[in-house]
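Chemist: First the structure, then my questions, so here it is.
No lab work stands behind these numbers, since they all come straight from the coordinates. Because the structure is predicted, anything quoted here is derived from the model rather than measured. Using ideal geometry, Cβ is built from the backbone for each residue, glycine included, and neighbour counts are taken over all protein chains shown.
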Amino acid sequence: MSSAAAVGALAPPRGAPRVLGVARDRRGSRRAVAARASSSDASSSSSSSTTRSSSPTAPSPGTPRVATSRRDVLALAATALLASKTLVAPSSSTASVTASSAFVDTPEIRAALREALVANVVKTKAPAVLRLVFHDAGTYRVASNDGGMNGSVKYELSRPESFGLKRGLGPVLATMDALRDTPAAAASLADVIAAAGAYAVELTGGPIIRVRLGRVDAVSADPENRMPAETLTGEEQRAHFARAGFSTREMVAIAGAHTIGGKGFGEPYVFDNEYYKTLLARPWADATKSKEELDMASHIGLTSDKNLATDEPSLEYVRKYAEDQGLFFEDFGAAYLKLTEQGATWR
Ligand code: HEM
């Protein structure tokens, strides 16, 4: 990956009230992920959407779109006015949050953040960093509109499901330290976790995801018992993720994060669609294998991963992503933006 493309991923669109993500596939560079920050309501979390462009003039990876219309310029002015006057009150989150001042995204902030991530997040820590994102953000619940990406994971480290999370938190805290005395010093822990996870995906060869910045950190833990058990059936996982605002498609896409790490879905530090290919091949249930081989294969994946391969609604997307890595990258990028934006309070 060229450093220009890499820097582009964290560089903001000049003057545009939009936050854009660009997903790249390995065959071409034709898919963009766009999450639009609401230009008129600084307190709302932005909606995520995916666009698939077949136009040869589609923006290249990392190339931000620029606001050109009068409407965009007016929206930008409205956002700036709102940002200068409003301190956004916390949403209905049970964790209390503190908002100091409005966050204005600038190229200087993006560049400082990028530099700190490059210096502190190494490939071998990428899986742990990405897992940390899920543990911080996976607490979101639609019904109560609380939890979500707010840095509260640092108060939740003694919970049973948090085993091993310090491995991912280390590089994130080192990045926070490196940001002191830089233009990005005001970035929240939640922002740095979200950006570090996106960088971890990019570093291991996955899509380039441009995360929105400006989250407010919680000052206490999120409610307990919100992380999924690894024994969930496919149906239970769909119900679990629906409570967290995810469709089956989004759930299967974001589950592809397990393609990196030590669970045996291809190379541990290569973000690709091996997760889905392995789920379809089901090596743990291959009758032609010897007992020893089956024993080995039984260590691949969690029970919850394997259950996606036998759950008809999930299997539809497992098949799609096994066939089309570009589609996986695109959907993963969109689901990642959703995961890291839902429930967040914005400055
Ligand atoms: C039903 C859903 C999920 C369950 C039960 C689950 C559970 C787990 C468990 C138990 C591990 C540790 C495995 C080990 O070290 O032996 C793990 C690793 C991991 N999880 Fe999940 N997870 C789920 C969904 C997700 C999602 C949505 C993400 C998205 C960010 C994610 C990202 C990761 C990553 C990247 C690792 C590898 C960490 C490493 O190797 O250091 N997981 N997961």
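Chemist: Explain nothing, just the number: relative contact order of region 234-329, from Cα pairs under 8 Å at least 6 residues apart, as a whole percent.
Modeler: Working: 113 pairs, mean separation 29.5, N = 96.
With pairs under 8 Å counted, the relative contact order is 31 percent.
Chemist: Just tell me which aspartates and glutamates come within less than 13 Å, Cα to Cα, of Lys166; anything on the same chain fewer than 8 places away is out.
Modeler: Reachable aspartates and glutamates: Asp136, Glu156.
Chemist: Listing Arg159, Arg226 from the residue with the fewest other Cβ atoms within 10 Å to the one with the most, what is the order? Don't skip to the answer; put the middle values down first.
Modeler: Values: Arg159 16, Arg226 19.
In increasing order of surrounding Cβ atoms, one gets Arg159, Arg226.
Chemist: Taking square-rooted eigenvalues a ≥ b ≥ c of the alpha carbon gyration tensor, is region 185-254 rounded, prolate or oblate, where a/c under 1.5 means rounded and, failing that, a/b exceeding b/c means prolate? Before the final figure, lay out the partial values.
Modeler: Details: a/c = 2.47, a/b = 1.36, b/c = 1.82.
Here region 185-254 falls in the oblate category.
Chemist: Output the peptides 118-126, 177-185 sorted from most to least packed, where packing is the average of other Cβ atoms within 10 Å over each peptide's residues. Walk me through the numbers on the way to the answer.
Modeler: Details: 118-126: 17.9, 177-185: 15.1.
Those peptides, ordered most packed to least, come out 118-126, 177-185.
Chemist: What ³J(HN,Hα) values, in whole Hz, does the Karplus curve 6.51 cos²θ - 1.76 cosθ + 1.60 give for region 263-279 when θ = phi - 60°, with x put for Gly and Pro?
Modeler: 8, x, 8, x, 6, x, 10, 10, 8, 8, 9, 4, 3, 6, 4, 5, 4
Chemist: Based on the mean of other beta carbon atoms within 10 Å per residue, what is the order of 295-303, 130-138, 333-341, 268-276, most packed first? Intermediate values should be presented prior to the final figure.
Modeler: Working: 295-303: 14.7, 130-138: 25.1, 333-341: 27.0, 268-276: 21.7.
My ranking of the peptides, most packed first, is 333-341, 130-138, 268-276, 295-303.
Chemist: Net charge near Met227: determine it from the other residues with C-beta under 14 Å of the C-beta of Met227, scoring Lys and Arg +1 and Asp and Glu -1. Numbers along the way, then the final one.
Modeler: On the way: positive: Arg131, Arg141, Arg159, Arg226, Arg243; negative: Asp136, Glu156, Glu161, Asp222, Glu224, Glu230, Glu236.
That sum, taken over residues with Cβ under 14 Å, equals -2.
Chemist: Answer rounded, prolate or oblate for region 234-329, using the Cα gyration tensor with square roots of eigenvalues a ≥ b ≥ c: rounded when a/c is under 1.5, else prolate when a/b is larger than b/c, else oblate.
Modeler: Details: a/c = 1.85, a/b = 1.46, b/c = 1.27.
Judged from the Cα gyration tensor, region 234-329 comes out prolate (a/c at least 1.5, a/b above b/c).
Chemist: While we're on this one: Give the total of Lys-Lys pairs in region 234-329 with Cα-Cα distances below 15 Å; include a pair only if its members are 8 or more places apart or on different chains. Mind dumping the intermediate values first?
Modeler: Numbers: Lys263/Lys277; Lys263/Lys306; Lys277/Lys306; Lys277/Lys320.
Lysine pairs meeting the criterion: 4.
Chemist: Which residues among region 122-147 fall inside the zone where the amide N is under 20 Å from a point 7 Å beyond the Cα of Ser162, along Cα→Cβ?
Modeler: 127-141, 146-147
Chemist: Taking the mean number of other Cβ atoms within 10 Å as a proxy for protection, how do you rank 165-173, 247-255 from highest to lowest? Could you put the intermediate results ahead of the total?
Modeler: Numbers: 165-173: 19.6, 247-255: 22.4.
The densest-packed peptide leads the list: 247-255, 165-173.
Chemist: Taking amide hydrogens as modeled 1.01 Å from N in the peptide plane, which residues meet the under 5 Å criterion relative to Met149, leaving out close sequence neighbours?
Modeler: Amide H neighbours of Met149: Ala344.
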